[in-house]
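The block underneath contains the structure these notes are about, expressed in structure tokens.
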Amino acid sequence: MQICIFTEPQQGASYDTQLAHAQRTEALGFDGWFRSDHYMVMGDGDGMPGPTDAWTTLAGLARETSRIRLGTLVSSATYRVPGLLAIQVAQVDAMSGGRAELGLGTGWYAAEHAAYGIPFPEKRFGMLEEQLAIVTGLWATPAGATFGFEGEHYQLVDSPALPKPVQSPLPVIVGGGGARRTPQLAARYAAEFNIGFVDPATVAEKFANVRAICVEEERDPATLRMSVAWPTVVGADEADVRRRCAAAGIDPDSDHGGRLVGTPAQVVEKAAGLVGLGADRLYLQTMDMTDLDHLDLIAAEVLPHLA
């Protein structure tokens, strides 16, 4: 199982903080570094020094790392028009030597859209579906040919469909808990289906559902990578766990059904159960990016038992 680090920079992290975190992630042997794509802090924090753009950040990290996968979990279809998104992601893929991955969803955080003047239509699923068709269509168009699209939300006329990513195909991640439409999009367009922040029983249910829909869509379910994203707090002892829970805004005495919280042995036992459910990749959501010792502990005491 691949083990990636997943971060939330909108909670307060400069580019330099993210760079240090990503470089430590790479040095410690993790498979990837992924970040959310948000523009405003959530909860009670101040978000200082302010938001960073996900794909601008990933472009910088592409030049300052050499091995780890880099991507979003996930970008919002409301933020960018698909033609420009295809260019941005293809460029980051080239800058990284073929290590970029695009997670794409409908978007949900209305307050950040209002704060930064980003349109937030009530119905966004059609936008997501058209964006997936356009982005993957642009990348798949043979060199020298053009791409056109006529949809409800987007129209492209004689696009040169350039530049191309280094990877062919570049991995696209689609996730969510919807029963039909989201799994259908994953089956049609994605390399990976992701489910986050739910307990193992729900993970099993969602994985089984998307596999069944793959069959309906005449796709071999084995070709769709399955992944889970869980908030992660690991401590050497109970006091250490509680300290890190406080930094992450997690009640240490709450239900951790959809989280990895505990000592290394406790975390390994729970995470290892995902393999039996068919998970190919696990995203460890770590909230405090200044706590590089947290990454060190996970790499030393958890990673060897899962990777």
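A straight chain from residue 255 to residue 291 at 0.36 nm per residue would run longer than the Cα-Cα distance by 10.6 nm. Of the residues 290, 25, 182, the one that moves most in a GNM of the chain with alpha-carbon contacts below 10 Å is 290. Run the accessible area of the chain with a 1.4 Å probe and give the carbon-and-sulfur part as a rounded percent. Solvent-exposed carbon and sulfur of the chain make up 53 percent of the total. Remark on the chain: Rg and Dmax equal 19.0, 61 Å (Cα only). Measuring with a 1.4 angstrom probe and ignoring ligands and nucleic acids, residue 232 comes out at about 10 Å² accessible.
Between the helical axis of 200-216 and the longest alpha-carbon principal axis of the chain there is an angle of about 20 degrees.
Send over a whole-number figure in Å² for the accessible area per residue of region 133-275, probe 1.4 Å.
47
In units of the compact-protein estimate 2.2 N^0.38 Å, region 229-273 shows a Cα radius of gyration of 1.02.
Hey, in the GNM for the chain with a 10 angstrom Cα cutoff, which one of 282, 297, 102 fluctuates hardest? Per the Cα network of the chain with a 10 Å cutoff, 297 tops the list. Note on region 1-143: percent of Cα-Cα distances in each 5 Å bin, starting at 0 and stopping at the bin with the largest distance, equals 2, 10, 19, 21, 19, 16, 9, 3, 0, 0.
Between residue 40 and residue 201, what FRET efficiency comes out of the Förster formula 1/(1 + (r/R0)^6) with R0 = 30 Å and r the beta carbon distance, rounded to 0.05? The partial results should precede the final answer.
Working: r = 33 Å, r/R0 = 1.08.
The calculated FRET efficiency here is 0.40.
Model label points for residue 305 and residue 20, set 7 angstrom from Cα along the Cα-to-Cβ axis, are 2.9 nm apart. By definition, a body whose alpha carbon gyration tensor gives a ≥ b ≥ c is prolate when a/c is 1.5 or more and a/b is larger than b/c, and region 216-307 fits this prolate description.
Solvent-accessible surface of protein heavy atoms, probed at 1.4 angstrom with all chains present, puts 242, 69, 99 in the order 242, 69, 99, largest first. Derived value for region 109-231: Kirkwood hydrodynamic radius 16.2 Å. Basis is the mean of 1/r over every pair of different alpha-carbon atoms.
Using a 1.4 angstrom probe on the protein heavy atoms only, could you order 168, 76, 14 from most to least accessible area?
The most accessible residue leads, giving 168, 14, 76.
Compared with the dominant principal axis of the Cα atoms in the chain, helix 125-140 is inclined by about 70°. Helix 54-64 and the long axis of the chain differ in direction by around 70°, with both axes built from C-alpha atoms. Once the Cα-Cα distance is subtracted from the 0.36 nm per residue extended length, the residue 1 to residue 246 segment shows a gain of 85.3 nm.
The values are calculated or read from the model by the stated rules, or taken from the named source; none is laboratory data. The structure displayed is predicted, hence computed values, not measured ones. No Cβ is skipped: glycine too gets one built from the backbone with ideal geometry, and neighbour counts run over all protein chains shown. Surface areas here come from the heavy atoms of the whole protein model, side chains and all, with no ligands, DNA or RNA. Shrake-Rupley method; radii C 1.70, N 1.55, O 1.52, S 1.80 Å.
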